[in-house]
Structures are given as structure tokens and as C-alpha cells.
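Step one of this worksheet: look at the structure below.
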Amino acid sequence: MADSSAGIESLGDLRGKRVLVRSDLNVPLDGTTITDDGRIRASVPTITQLSDAGARVVVTAHLGRPKGAPDPAYSLEPVAGRLSELLGRPVAFATDTVGASASETVAGLQDGDVALLENVRFNDGETSKDDEVRGAFADQLAQLADAFVSDGFGVVHRKQASVYDVALRLPSAMGGLVAAEVDVLRRLTEEPERPYVVVLGGSKVSDKLGVIDNLIDKADKLLIGGGMVFTFLKAQGHEVGKSLLEADQLDTCNRYLSEAADRGVEIVLPTDVVVDTAFPSGDREPQPSVVPASEIPADALGLDIGPESAAAFAAALADARTVFWNGPMGVFETDAFAGGTRAVAQALTEIDGLSVVGGGDSAAAVRQLGFDEAAFGHISTGGGASLEFLEGKELPGIAVLERG
């Protein structure tokens, strides 16, 4: 019953109608304290738009990875409190997703009111691989609403009940957050303004294979940092000590280096790295040292790109008109190994064009390192979804809205 990929206005007059919104409220918690509310803040505009239109807004979301049953450690109750603060209006909280509390809470809503249902993943039907089991749960969710708005970009790559199946059962539309994400990602894959630079980091080459495969003939430069770089360095014949290494990806890295050379795409690897003899831990002071990327000691592991490389990466970004960045350059959570990530983030704030931070750890790094989010062209709320889009994969939560 999905209308199309049109926005909320395609649903017509929403006053008095119950609108189920799938948001992404999967925030990090320390006990019951939210340590990064970025995803909650990103959900506010669409919820506000619906509330201001007189809809009775029913928000559904997940938090963490509970095993299909209630788990107090993953309750969305703390999120309800923060959402209420950000909206500037009360948020009713249902202590279940489709049970008595949900029915009673939704029945009590007046025009413009907002409710949040308990963690949708407390129900095994949400993530079931069985279409019938998932569909039966989606039927229960759909009974709570008259229309559906998909606004959780971080989950649109999942074929789950509250993302996919509900959209088959209700008049549906994209929320503003999802629409904005899709628009930006299409700009990265369909005739991007050049020079186009892709910056990839994070721990594993294997996590980025699809992105590299799909963008190696679209980008002008690929800058490689993070833990994944050591597999590239090993492929070039360098020793990497105790650094993270995916030995089964050495041939793949060699292929990328060869393909890039053939296509005239520049792959920029670090020339120096920051190393230590142990991974950062709370009971030991970091002992960083900078060494050439080709001379990592046998007893050391690389934990960041070095200052020379950070400057080279910033220089490679200076004239870019389009940049996509996914994955930190090092263990940014520890200040001694945050320099490379900080340099890349700073360079993105100075881009004369479109700069996109690809969600996940990159978005967390931007916030932890104290950057103004407004200085970036776009900060994605969905790292995995962004990567799958850029790999050229169909995202079920988007496809179901575009079927008409």
C-alpha cells in the first residue's frame, strides 16, 4: 500500500490520524544515561512536522540487539525522556510494542500528541527471517495506525517488520530524514561534482569491499586509513608488526591498487603511522611513537595515521568538490591516536562543495572531537545503510516505498 517515494504531504490531511513513524533512536547508553543523542535529534524534525499537522504520532524504534524478548538494559524509556525534552512536549511511553500498554497509550492520544512504543526488537517477529512470522507482527503494528512514515535511515537496509512489512499494509511515505539521506547519497553516485574524493577507514578491508568495488571507477582519489590500511601496506610488501591484518584480503588489495592505476584513480596510503606496543586500555598510559609506514617494528601495532600522512590527506582533500568519508583514521577514542581522524574531519569542514560523513564511527568521532555538525554538508545517521547504498545494493526499506 505504499504510495511512492513521495514525502509526507502525499499522505494528505493527517489531522486526527494515527501515524506510525519508524525512527532510528538506537543511541549509546551508559546504564540509563544517553551518551550521544545525535540520532534522537535527527528524528525530531519529522516528528515535529507530523505533530504540528495534527497527527497522533506513534513512534517505533529499536535499541541495541535484544534477543526478541524484553530486556531492561535495552528499554527505550530513557529515550522517551530525551525526545520529550527535544520536542518541547510530552511523550507518552508504552511499556510494550503491540500489547495492552501500546493499545491504551495510542487510544489516549489527542491530535498533535506523541507516543513512543517500547523497543520493537523485544518482539521476535521484528527481525524474523520467516515472512509469515514477520508479517503477523507487522499486522499488529499496522492496527495501531492509519498511515506509516519511514524515517529511520539507519535501518532501511533491513527487511524487518517495522521497516518493510508495515509499509505494505498502510499508506506510506518517506520522512524528511530518509528523503534527505537518499538525495545526498544519490549525489555521491550519480554524476558527482569533481574532484571526487572518498576517504575510507575503520578496522577491516572486508567491511568496505563493496564500496571500493562500486566507487573505484567513480572517485578521483581514494584515501585509505584506519586499521584496514595495514592490509594494503602488507600487500605492498611492508611488514606491519602486530597491526590489524586480514591476510585473506591481500590479493584483493593488490587488485585494487592495480585497478586504480589502470583507471587513473589515485589511491593515497599513509607514509607514516602512530604506533604503540599495546592497544589502548584503561590501566596503561599510551606510549605513542611515529614511524615510517614501511618500518613498523615487529612488537608494535599501528593505531593512527601519522602527522605527515594527516597533512597529506588534508592536502588531497583541499580542492575536492565532493567528499564521502566513512571510518576513522585511528583509535580516535584515545587522544594520542585521534590526530588523523581530527585532521580529516577538519579538512571536510573546509570543503567548497559537498562533504558527507558516512555515519557510524565517523559521525561519533565528529561529535566526540568537538566539531560543529553544521560545518559538514551532511552527517549520515546510518553507517551500514550508507555503505550498502554506495555499494549499489537495493535497500528494502527504500524499495518498498518506491514500488507505488
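Taking square-rooted eigenvalues a ≥ b ≥ c of the alpha carbon gyration tensor, is the stretch 6-153 rounded, prolate or oblate, where a/c under 1.5 means rounded and, failing that, a/b exceeding b/c means prolate? Mind showing how you got there, number by number?
Numbers: a/c = 1.57, a/b = 1.12, b/c = 1.40.
It comes out oblate by the Cα gyration axes.
Where both partners of a DSSP beta bridge lie in the chain, what percent of those bridges are antiparallel, to the nearest 5?
Details: 11 of 48 bridges.
Given both bridge residues lie in the chain, the antiparallel proportion sits at roughly 25 percent.
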Please calculate how many Å² of accessible area the stretch 35-149 carries per residue, with a 1.4 Å probe and no DNA, RNA or ligand atoms counted.
42 Å²
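Rounded to the nearest 500, what is the 222 nm mean residue ellipticity of the chain from helices alone, with -39500 (n - 2.57) per DSSP H run of 4+ residues and division by all residues?
Details: 13 runs with 134 residues, N = 404.
It comes out at -10000 deg cm²/dmol, rounded to the nearest 500.
What's the carbon and sulfur percent of the stretch 110-233's accessible surface, probe 1.4 angstrom, rounded to a whole number?
Details: 1590 of 3950 Å².
Carbon and sulfur atoms account for 40 percent of the accessible area of the stretch 110-233.
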Accessible solvent surface per residue of the stretch 190-299, calculated while the other protein chains remain in place, 1.4 angstrom probe, Å²:
47 Å²
Mind sorting out which of (1) 27, 51, 21, 1; (2) 25, 57, 16, 2, 0; (3) 21, 49, 29, 1 is the real P(r) over Cα pairs in 20 Å bins from 0, in percent computed from the coordinates?
(1)
By the gyration tensor of its Cα atoms, with a ≥ b ≥ c the square roots of the eigenvalues, what is the shape of the stretch 68-148: rounded for a/c under 1.5, prolate for a/b over b/c, or oblate?
oblate
Residue-wise, which Karplus ³J(HN,Hα) couplings in Hz belong to the stretch 74-88, taking 6.51 cos²θ - 1.76 cosθ + 1.60, θ = phi - 60°, and x for glycine or proline?
10, 5, 8, 4, x, 5, 4, x, 5, 4, 4, 4, 6, 7, x
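With a 1.4 Å probe and all protein chains kept in place, how do SER103, SER355 rank by accessible area, largest first? Walk me through the numbers on the way to the answer.
Working: SER103 60, SER355 5 Å².
Largest accessible area first, the list is SER103, SER355.
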Once you have the Cα-Cα distance between ALA311 and ASP124, take 0.36 nm times their residue separation minus that, and quote the gain in nm to one decimal.
62.4 nm
For the chain, calculate the relative contact order in percent as a whole number, restricting contacts to Cα pairs under 8 Å that are 6 or more residues apart.
17 percent
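Grab the beta carbon distance between ALA374 and SER289, set R0 = 30 Å, and tell me the FRET efficiency rounded to 0.05. List each step's numbers first, then the result.
Details: r = 36 Å, r/R0 = 1.21.
The calculated FRET efficiency here is 0.25.
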Förster radius 41 Å - calculated FRET efficiency between ASP52 and THR271, Cβ distance, rounded to 0.05
0.15
Cross-link reach from LYS242 to lysines, straight Cα distance under 17 Å and at least 8 residues apart if same chain, gives LYS204, LYS234
Summed residue charge, Cβ within 14 Å of GLU77's Cβ, Lys/Arg positive, Asp/Glu negative:
-3
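If I take every Cα pair under 8 Å that is 6 or more residues apart in the stretch 251-404, average their sequence separation and divide by the length, what percent do I get for the relative contact order?
Numbers: 231 pairs, mean separation 25.4, N = 154.
Once normalised by length, the contact order is 17 percent.
Taking a ≥ b ≥ c as the square roots of the eigenvalues of the Cα gyration tensor of the stretch 134-198, is the shape rounded (a/c under 1.5), prolate (a/b larger than b/c) or oblate? Could you put the intermediate results ahead of the total?
On the way: a/c = 4.20, a/b = 2.72, b/c = 1.54.
Note, shape of the stretch 134-198 comes out prolate.
Using a Förster distance of 60 angstrom, determine the FRET efficiency expected from the C-beta separation of SER206 and ALA107, and round it to 0.05.
Numbers: r = 48 Å, r/R0 = 0.81.
Using R0 = 60 Å, I get an efficiency of 0.80.
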With a sphere of radius 15 Å drawn around the Cβ of ALA338, what net charge do the other residues whose Cβ falls strictly inside it have (Lys, Arg +1; Asp, Glu -1)?
-3
Between ASP13 and ASP36, how many nm apart are label points set 7 Å from Cα along the C-beta direction?
4.4 nm
Which value, in Å², gives the accessible area per residue of the stretch 357-397 when a 1.4 Å probe is used on the protein heavy atoms?
35 Å²
Accessible surface of the stretch 331-404 [probe 1.4 Å, protein heavy atoms]: carbon and sulfur percent
42 percent
Express in whole angstrom the spacing between the alpha-carbon centres of the stretch 341-397 and the stretch 269-308.
25 Å
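For GLU193 and SER258, calculate 0.36 nm times their separation in residues minus their Cα-Cα distance, and state this gained length in nm to one decimal. Walk me through the numbers on the way to the answer.
On the way: separation 65, 0.36 × 65 = 23.40 nm, distance 2.49 nm.
Computed gain between GLU193 and SER258 is 20.9 nm.
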Lys and Arg at +1, Asp and Glu at -1: neighbours of LEU185 with Cβ under 12 Å from its Cβ sum to -2
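The values are calculated or read from the model by the stated rules, or taken from the named source; none is laboratory data. Bear in mind that the values here come from a model prediction, so they are computed numbers and not experimental data. Here Cβ is always computed from backbone atoms with ideal geometry, including for glycine, and neighbour counts include all displayed protein chains. Accessible surface is based on the protein model in full, side chains and every heavy atom, while ligands, DNA and RNA are left aside. Shrake-Rupley method; radii C 1.70, N 1.55, O 1.52, S 1.80 Å.
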